[in-house]
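Below is one structure, written out as structure tokens; the observations come after it.
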Amino acid sequence: MQLHRRRPFYGWIVVGVAFSITLSQLAFHGAVIGVFTRPVTAEFGWSRTAFSAAFSIGTFAAAGVSLLVGPILDRKGARMVLMVSGLVMGLSLVGVSAMQELWQFWLAFSVGRAIALGGSTLACAVAVANWFVRRRGRATALAMAGNKAGGTFLPAVTQLLISLYSWRLAFLALGMLTAAVVTTLSALFMKRRPEDMGLRPDGDAAPGANPGTEQASRQRQKEEVSWGLGEAVHTRALWLLMFASAFVAASQGSVNLHMMANFQDKGLSDVVAVSVVSFFAAVSAVAGLGWGFLVERVHVRVVALMVLAFSVSSMVVAMVAGSLPLALLFAVLYGLGLGGWVTVGAVIWADYFGRRSLGTIRGFVAPVQLTANAIGPLLAGLIFDITGGYTPAFIMFAVLFSLAFVQVALAVPPKRRVSPVPVAAEDDA
């Protein structure tokens, strides 16, 4: 008797590509760029506010990018968006490696960060959500874990390159890595939706192929919601989630960028400071997987509240974390919150509003989130320049996380209709 082996579901290849992309573009996120804060500002005599401005300008610009990219993702898929993003991000970091003036840093880095946040990160999140429904939690957690997995070693590798060679060579190496990984993998393996390949979300069997899996598939279709942007904007949940996400983005973006410098300012050595940052990234990566499985069993809103509770508590510890034990406690609490929101913050939009217009909906709300993400680090840098420390900033972020908690608690899922999702036949190839 001949046995037919079932091929692995292609959606997991999409997850692997997204994981690799979110890892390789880490130079545009706080965990890695924060390693450059002291050497670059020391060489040029720039203030922390001036350095943070590049981070914030890029985030502001990402708001406009996301508005353009969102509808493209729904119509064409993520492949071309990611290919272009990889090239632009790589060239951006090469430009930073050759900068001589502050305006050059602002221009080169902000262009790459705008594409990273408004283009490639959004594309990866939407692509994975399109391939999964029942297993969306674990798939999203695995895909987005690339960012945090990279945070466990890329800051240390970057610090080593800076110590042995220079910060310029470190930027150049990161640029080459980003361009090669993002462009190549997306060109070869990224596909728009399972329906384009004759498949179904989660790898479910076609009707009649297997009674057991067919029943699960029917249950998936029964439970999957479908909202367009024009309908979603009339729901209370969209606006509550948008502002909750904005408060989280403002806080996390700031902490990721400034935390290493904060520990160094409090007397921890460069090695210890980068180790703590790498540790909270490791906690975040592992925790994200756990949150991903949990969100498939517990309502996403409940999981989001748990995540935000850890985030609030981490800011309380951050206010007094001047020793290694307290720094490690902060890393655990913050890592649990950070890893959870990376997963929950992506899953909640798909669970509340479905796949049909997910790119458009996320592109619509992203400008508010990204604007907050831009303002947060700038305010934290300004607070440091005025007060000589980050404690007032941590108090502000504790309040913002608390406000996000309240908003998520009020964001009851909208109820209108539940239906199978119509998918266009347009290919991404």
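Read-outs throughout are calculated quantities, based only on the coordinates presented, and are distinct from any laboratory measurement. If you're wondering where the values come from, they're calculated on a predicted model, not measured in any experiment. Heads up, the Cβs are rebuilt from the backbone with ideal geometry, glycines too, and the neighbour counts pull from every protein chain shown.
Per-structure values
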| read-out | value |
| --- | --- |
| Least to most buried among 68, 117, 328 (fewest other Cβ within 10 Å first) | 68, 328, 117 |
| MRE, 222 nm, helices only [DSSP H, n ≥ 4, -39500 (n - 2.57), over the chain, to nearest 500] | -25000 deg cm²/dmol |
| Candidates 47, 24, 269: whichever shows maximal mean-square fluctuation once the chain is modelled as a Gaussian network with Cα springs under 10 Å | 269 |
| For the chain, built as a Gaussian network whose Cα springs stay under 10 Å, the top-fluctuating residue of 396, 315, 83 | 396 |
| Global form of the stretch 294-381, assessed from the alpha-carbon gyration tensor, a/c cut-off 1.5 | oblate |
| Residue (of 130, 182, 94) at the positive-pole extreme of the chain, dipole from beta-carbon charges | 130 |
| Computed lengthening from residue 236 to residue 395, 0.36 nm per intervening residue step minus Cα-Cα distance | 54.4 nm |
| In sequence order, calculated HN-Hα J values of the stretch 260-277 (Karplus, 6.51, -1.76, 1.60; Hz; x Gly/Pro) | 5, 4, 4, 5, 5, 5, 8, x, 6, 5, 4, 5, 5, 4, 5, 5, 5, 4 |
| Net lengthening on full extension, residue 320/residue 415 (0.36 nm per residue, minus Cα-Cα) | 29.8 nm |
| Sorted by Cβ density within 10 Å, fewest first, the residues 121, 184, 140, 371 | 184, 371, 121, 140 |
| Segment residue 13-residue 43, extension gain: residue separation times 0.36 nm, minus the distance between their alpha carbons | 6.5 nm |
| Under Karplus coefficients 6.51, -1.76 and 1.60, residue-wise ³J(HN,Hα) of the stretch 159-169 in Hz, glycine/proline x | 4, 5, 4, 5, 5, 7, 10, 6, 5, 5, 5 |
| Under the Karplus curve 6.51 cos²θ - 1.76 cosθ + 1.60, θ = phi - 60°, whole-Hz ³J(HN,Hα) for the stretch 324-333, x wherever Gly or Pro sits | 4, x, 5, 5, 5, 4, 4, 4, 5, 5 |
| Highest-MSF residue in the chain out of 379, 160, 241 [GNM, Cα springs under 10 Å] | 160 |
